[in-house]
Amino acid sequence: MSLKLKETAYSKRIKEGIKDDFARNAVASAQGRFRTGRLTQAAILGDWEEWRRLGEEIRSHTIENLDYYLMQLSENVSKRGGNVFFASTAEEANDYIKNIIKQKNAKKIVKSKSMVTEEIKLNEAIQETGAEVVESDLGEWILQLDGDQPSHIVTPALHKDREQMRQTFTEKRGYTGSSDPDELAQFARQQLRNDFLTADIGITGCNFAIAESGTITLVTNEGNADMVYSVPDTLITVMGMERIVPTWEEMEVLVSLLTRSAVGAKITSYVTAYTGVRSEEEIDGPEEYHLVIVDNGRSKILGTEFQAALHCIRCGACMNVCPVYRHIGGHAYNSVYPGPIGAVLTPLLDGYEDHKELPYASTLCGACTEACPVKIPLHEMLIMHRQKIVEEEKKAPLSEKLMMKGVGMWGGNPSIYNMSTKMAHTALKPFEKDGVIKKGPGPLKGWTDSRDLPAPPKESFRQWFKNRDKGGKA
Amino acid sequence: MAVHNREEFLNHVAKRLGRPLKLEGVKRPKWSVTPQIDKYKDLSKEELIDMLIKQAQEIGTNVFRTNKDGLVNVLKDAIKEYEGVKIITAKDKRNEDYGLIAFFDSEKDLQVHVWDYELGKDNMRIAEQADIGIIFSDITLAETATVTIFNNKDHGNSIVIMPKDYIAIIPTSTIVPRFTQAASQIHNRIANGEQIETCVSFITGPSNSADIEMVRVVGVHGPVRATYILVDDE
């Protein structure tokens, strides 16, 4: 199943992103706040580099021993009355969940925010059963009403302004209030309360599964995940197979890193840790519980030079510092996972064919690597992707290929090359402005479409080298 | 309960990792650094309380400090401040010890429901209509001003999630430096073969969201307002 969100070409998506003034300002301001928040909280915590090192060690040990910890997790969930389904593909996961819905004859399913369910397109699958599925995270709910896609993994509706939200509420739910955020949120609360109380099944994602006790940890601010957990009698958790830690002690370290890196907070309003089914006399929580563990391409990353990409804890810090994300926005990546981690992960999960441009959506400045709380070498992975695309897959984006082909023909023939370097200064003079060429002709077009080329000097390097001994000027 | 497709799935994972399947013998390594353990470990109880109060105020939570004798009056004022009438609380041993039962009996204007599992889902319906949920913290994290609740048959998660506002009573004996100590306590219980609660909640201030133009709004799904009452019990 493809991670692609739309069929629109990359170049068009970028243009759409760049010209969306509201979204550009929103992203720039969000990046500023998230980044400052993260740095402030890291400074208050102190020893940030030690924390990052610990985070990296925990993630790397867990993924190295993933089979062991998944075994332990599934045993413990089962002991506490839960069912566990290991799904190799999105289809397997969706089919299993659809079956539960059919067996329960469920009419309404309420969900809390989950990236992996976006990835496997679970909502579409659920709709095939005829059941209604309601996203309960405020941002996700707004997007769902609008049929829109998330553009950021932490604040999914970042690209929308309050007036657009007001219009959506008015058109879809008969809202009559103002665009004041408090009033909009109160309206959403009333609307969703009813959905929680009447839902047959709840579905949550998973921030960290704890192997030693079969516990699922959810890190949220709104409290919707607690409602999804507490109310419906049947609960399903969907988790990517790598979202696991050995014990509660590692969970704590990663939650400490996650909330600081994601939103610059010491902790979120809710960290909820639930285990299996409720006991006989308990009222809250499910009487029937299913944990769905999803591979969907992740195992292809194991044992490769990209394995550390599975260390990701989904904080979004990399997109909050990325200059390219800032300018093109989340939708331009055309994947459930945008930003630098999306550019690394999407081609790994879904192949290069549909996503070959993503590793080029980076200036390789390394800000993402520096921001990552578990030290994933993101920009180095983007370079590795580019190497693979060029060397193995021969799927470099068209502009890059044409450019290299042109340069290859030109540079590969000594007489043409010599002549052209001698002629270059004169020939390119009309294209030069302030010492650089912004719109080059012929083979240079491919290059200058994406970047500037320094104007050739009057004397070529070879000429200068030859003349050097004859007293040529340096 | 049933576990599906595990063998095939885990064999594939092991194969991709380039080694035989590993189902036992894995020990957590000794991490090369452990900054979480030293953090705030040398602070005195009073310093921890100061940190807790500052952090609680920073996240928009009212904080009061009193002792067992003064609790009822502070609680009364807090309920009044929130104009609360319908109250829900857990069937907690501490209710009696802290004088809450006598207080609820004497306050004829309040409609108080004490969680009773024999009433089944009615508890949840009452919680949903309640103005205020009153809870005791089991472990309190000073760094983040977080209240920990071990939910059980006498204490549903709904008490702190569904009402409009909540009031947390925090015995100062429950205060630890940070999340680290709470996580270690729970880990140690598991290591000793104990079964942990079905739901452990770590709650910090009111419910909130920044999903609309990054503006912080409170009370999106959970409580709109929160009050912490610290009670010196040592």
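The values are calculated or read from the model by the stated rules, or taken from the named source; none is laboratory data. All values derive from a computational prediction rather than experimental measurement. Note: ideal-geometry Cβ built from the backbone for every residue, glycine included; neighbour counts use all protein chains shown.
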(message) Exactly one condition in (1) more than 9 Å from chain B (Cβ to nearest Cβ); (2) out of contact with any Ser or Thr (no Cβ under 8 Å at 6 or more places or on another chain) is false for A:GLY46; which is it?
(response) (1)
(request) Give the residues of the range A:266-302 that are part of a strand (DSSP E or B), of a type outside the set (A, V, I, L, M, F, W, C) and farther than 23 Å from A:GLY55 by Cβ, sorted by residue number. (result) A:TYR274, A:THR275, A:GLU288, A:TYR289, A:HIS290
(request) Consider A:GLU242 carefully, then state whether it is at pLDDT below 95 and part of a loop (DSSP other than H, G, I, E, B). (result) no
(request) Please enumerate the residues belonging to the range A:281-298 that are at the interface with chain B (Cβ under 8 Å from one of its Cβ atoms) and surrounded by fewer than 20 Cβ atoms within 10 Å (Cβ to Cβ). (result) A:GLU281
(request) Check the range A:72-82 and report whether any residue there is of a type in the set (A, V, I, L, M, F, W, C) and more than 25 Å from the chain's Cα centre (by Cα). (result) yes
(request) Scan B:SER184, B:SER173 and give me the residue that is at pLDDT 95 or above, hydroxyl-bearing (Ser, Thr, Tyr) and over 20 Å from A:THR272 (Cβ atoms). (result) B:SER173
(request) Of all residues in the range A:26-40, count the ones that are in contact (Cβ under 8 Å) with a residue 24 or more places away in the chain and either within 10 Å of another protein chain (Cβ to nearest Cβ) or not in a helix (DSSP H, G or I) (or both). (result) 4
(message) Taking the conditions exactly as written (touching a strand residue (DSSP E or B) at 6+ places or on another chain (Cβ under 8 Å) and farther than 26 Å from A:SER60 by Cβ), does A:THR268 satisfy them or not?
(response) no
(message) I'd like to verify a number: residues in the range B:89-113 that are touching a residue at least 12 places away in the same chain (Cβ under 8 Å), of a type outside the set (S, T, N, Q) and touching a helix residue (DSSP H, G or I) at 6+ places or on another chain (Cβ under 7 Å), how many?
(response) 7
(message) With the structure loaded, tell me whether B:ALA226 is closer than 27 Å to A:HIS159 by Cα and either in contact (Cβ under 8 Å) with a residue 12 or more places away in the chain or of a type in the set (A, V, I, L, M) (or both) or whether it fails that test.
(response) no
(message) I'd like to check something: does the range A:303-322 contain any residue that is in a loop (DSSP other than H, G, I, E, B), at the interface with another protein chain (Cβ under 8 Å from one of its Cβ atoms) and among the hydrophobic types (A, V, I, L, M, F, W, C)?
(response) no
(request) Scan the range B:119-139 for residues that are more than 9 Å from chain A (Cβ to nearest Cβ) and among the polar types (S, T, N, Q) and jot them down. (result) B:GLN129, B:SER137
(message) Regarding the range B:180-192, can at least one residue be identified that is over 12 Å from the mean Cα position of the chain (by Cα) and more than 10 Å from chain A (Cβ to nearest Cβ)?
(response) yes
(request) Find the residue count for the range A:205-255, including only residues that are within 18 Å of the chain's Cα centre (by Cα), among the polar types (S, T, N, Q) and farther than 22 Å from A:GLU64 by Cβ. (result) 1
(request) List the helices (runs of 4 or more DSSP H) that sit entirely inside the range B:73-166 and contain at least 2 residues that are under 28 Å from A:ALA273 (Cβ atoms). (result) B:93-97, B:122-129, B:158-161
(request) Please list, ordered by first then second residue, the pairs with beta carbon atoms under 9 Å, 6 or more apart or interchain, first in the range B:10-39 and within 7 Å of chain A (Cβ to nearest Cβ), second among the small types (Gly, Ala, Ser) and in a loop (DSSP other than H, G, I, E, B). (result) B:HIS12/A:SER88; B:ARG16/A:GLY303; B:LEU17/A:GLY303; B:GLY18/A:GLY303; B:PRO35/A:GLY46
(message) Take A:GLY330 and tell me if it is buried (at least 21 other Cβ atoms within 10 Å of the Cβ) and at pLDDT below 95.
(response) yes
(message) With the requirement that a residue be more than 8 Å from chain B (Cβ to nearest Cβ) and part of a helix (DSSP H, G or I), what does the range A:149-166 give you?
(response) A:GLU163, A:GLN164, A:ARG166
(message) Please go through the range A:189-213 and give me each residue that is within 9 Å of chain B (Cβ to nearest Cβ), surrounded by 20 or more Cβ atoms within 10 Å (Cβ to Cβ), within 24 Å of A:GLY130 (Cα to Cα) and of a type outside the set (Phe, Trp, Tyr), ordered by number.
(response) A:LEU192
(message) Give me the helices (runs of 4 or more DSSP H) completely within the range A:61-126, filtered to those with at least 3 residues that are more than 30 Å from A:ASP195 (Cα to Cα), ordered by residue number.
(response) A:66-79
(message) So, A:ARG278, is that one within 14 Å of chain B (Cβ to nearest Cβ), free of Cβ contacts under 8 Å to residues at least 40 places away in the same chain and over 30 Å from B:ALA142 (Cβ atoms) or not?
(response) yes
(request) Could you tell me whether A:ALA43 is at pLDDT below 95, assigned to a helix (DSSP H, G or I) and within 29 Å of A:GLU222 (Cβ to Cβ)? (result) yes
